[in-house]
Every structure is written in C-alpha cells, then in structure tokens.
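The structure appears below as structure tokens.
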C-alpha cells in the first residue's frame with residue numbers, strides 16, 4: 001500500500017474512534033486525496049452558470065475526465081466543452097505534476113489554435129467564470145504553509161499562506177474541511193488589505209461509487225458581486241481510461257468514447 005493511502009487509512013481509523021487529527025499537513029493531505037483522487041479515474045458532466053454583478057447570465061456545459069497516475073501524485077485532466085455554440089469544441093488539457101509546474105494547454109477551435117497556459121496564468125479566469133485554471137486540477141499541498149487554527153465538531157479550520165507570494169494574488173486563505181469526508185466545504189481568500197475577496201463553497205455532496213463527491217458548488221467574487229455556480233452530473237469512477245485519452249492529440253480530436261454519457265442514463 002502506498003504511504004499516502006496508509007496515512008488515509010490511519011486517519012479514517014482515528015476518526016472511527018472519535019479522535020481528531022492535530023497535524024495540519026496531514027489534514028491537508030487527506031483533503032487533497034478526498035477532493036481530487038477519488039478512484040483511479042473519474043468522469044463528470046458540469047453545468048456552469050456565470051452571473052455577473054448586474055445579474056447577467058452565461059452558461060457553459062462541459063465534461064471533465066480525470067486519471068490519477070498515483071494517489072496524491074501526478075494526474076491527467078481533460079475538459080471538453082459542448083455548450084454553448086461559441087465555446088463548443090474548446091478543450092483544456094492538464095498534466096498535473098506534483099512538485100513541479102503543471103503542463104496546461106487550451107485548444108480554441110475557432111482559431112484552430114493550441115495555446116499553452118503558463119504557470120503565471122493559472123490563477124486567471126477559466127472561460128470567463130469566477131473559477132481559475134488552477135481550480136480544475138487543484139492547488140498543490142506543498143505550495144502553501146498550513147496551520148490548524150480550530151477544530152469544531154464538524155470541521156477542521158486551517159489557514160494557508162503561500163510559500164511563493166509573488167506567484168498568487170492572495171495573502172492567505174482559510175479552509176473548512178469536513179471531518180468525516182475530508183472534503184473542503186468552504187474556502188475564503190484574503191487580499192493584501194486583509195479583506196476576504198473570494199469564496200468557494202460546496203452547496204451539496206453525495207456518495208457516488210463509495211466516494212463522497214461534490215455535486216454542487218459556488219465561487220463568488222466578493223469584490224465585484226458576481227458568482228459562478230456549478231452542477232455536476234453523470235459522475236462515475238474507475239472506468240479504466242487509458243493514458244492515451246490525455247495526450248495533446250485529444251485537444252483537436254477529443255475521445256468521444258469517454259466523453260459521451262453512460263448508456264444507463
């Protein structure tokens with residue numbers, strides 16, 4: 001069994017006996033596994049509603065494919081847009097590399113252009129939403145220093161400070177992590193002025209294929225007043241997706257077999 005999986009087993013065992021974890025780094029490891037490493041691979045269809053401060057709406061629909069090369073380690077992500085017509089065929093590919101900069105590409109069908117997303121662009125808007133490119137595959141646990149500030153009956157509350165503050169727009173952020181599932185339920189980002197300017201919150205979770213899973217979330221820009229809602233459907237894990245699904249070839253030729261909805265649905 002891999003070390004991270006052993007740690008996860010110990011954590012769950014401790015919770016079963018009513019014991020709370022006290023090591024912030026260990027809690028973050030478990031939260032990262034719960035949020036991004038359920039099963040060896042996974043598929044979901046996302047519906048995104050972008051609402052600006054004036055109440056104007058934009059809709060996006062896309063499918064997310066994910067494959068983990070190692071629990072807590074490198075991963076591959078493919079995001080393929082199907083609606084509306086102006087973004088249909090747009091594909092986002094991520095090779096997530098723990099301890100190194102991720103490789104990220106965006107295919108724009110209208111220009112027939114593959115664009116490389118640099119590390120400096122990871123915390124910019126993802127297709128006009130209040131989500132960032134980085135939010136798709138997650139922020140690496142080793143990119144921040146972690147502190148456990150409070151343990152309640154329901155949550156571990158942690159403060160995180162970036163190790164490279166010049167690379168991000170926030171000074172710190174606070175995460176509320178569910179003690180039973182280890183899913184991060186709320187994240188609040190603080191700017192240099194000491195104000196919370198961005199909030200990510202989980203609105204609903206379900207257990208799918210034995211994995212606690214986020215099925216509804218909201219990201220809010222507290223400065224502008226806009227927010228983006230996400231609904232996830234047709235979620236499945238351990239489908240046996242091959243690594244060929246996540247190559248640059250899939251940017252222009254998306255893997256239809258894995259993008260289509262399950263027949264049962």
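The values are calculated or read from the model by the stated rules, or taken from the named source; none is laboratory data. Nothing here was measured: the structure is a model prediction, and the numbers come from that model. Don't worry about glycine lacking a Cβ; one is built from the backbone with ideal geometry, like all the others, and counts go over all protein chains shown.
Of the residues examined, residue 204 is not one that is surrounded by fewer than 17 Cβ atoms within 10 Å (Cβ to Cβ) and farther than 30 Å from residue 162 by Cα. Looking for something surrounded by fewer than 19 Cβ atoms within 10 Å (Cβ to Cβ), assigned to a strand (DSSP E or B) and modelled with pLDDT of 95 or more - is there at least one such residue anywhere in the range 70-79? No, the range 70-79 contains no residue that is surrounded by fewer than 19 Cβ atoms within 10 Å (Cβ to Cβ), assigned to a strand (DSSP E or B) and modelled with pLDDT of 95 or more.
Residue 99 falls short on exactly one of the conditions (1) modelled with pLDDT under 95; (2) loosely packed, with under 14 Cβ neighbours inside 10 Å; (3) within 26 Å of residue 221 (Cβ to Cβ), and that condition is (3).
Residues that are closer than 25 Å to residue 56 by Cβ, in a strand (DSSP E or B), free of Cβ contacts under 8 Å to residues at least 60 places away in the same chain and more than 14 Å from the chain's Cα centre (by Cα) within the range 205-232 are absent altogether.
Let's see how each residue does on (1) closer than 24 Å to residue 120 by Cα; (2) surrounded by 13 or more Cβ atoms within 10 Å (Cβ to Cβ); (3) out of contact with any helix residue (DSSP H, G or I) (no Cβ under 8 Å at 6 or more places or on another chain):
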residue	(1), (2), (3)
150	no, no, yes
199	yes, yes, yes
222	yes, yes, yes
230	no, yes, yes
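Let's see how each residue does on (1) closer than 25 Å to residue 216 by Cα; (2) in contact with a helix residue (DSSP H, G or I) (Cβ under 6 Å, 6 or more places away or on another chain); (3) not in a loop (DSSP other than H, G, I, E, B):
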| residue | (1), (2), (3) |
| --- | --- |
| 136 | yes, no, yes |
| 146 | no, yes, yes |
| 160 | yes, no, yes |
| 173 | yes, no, yes |
| 177 | yes, yes, yes |
| 182 | yes, yes, no |
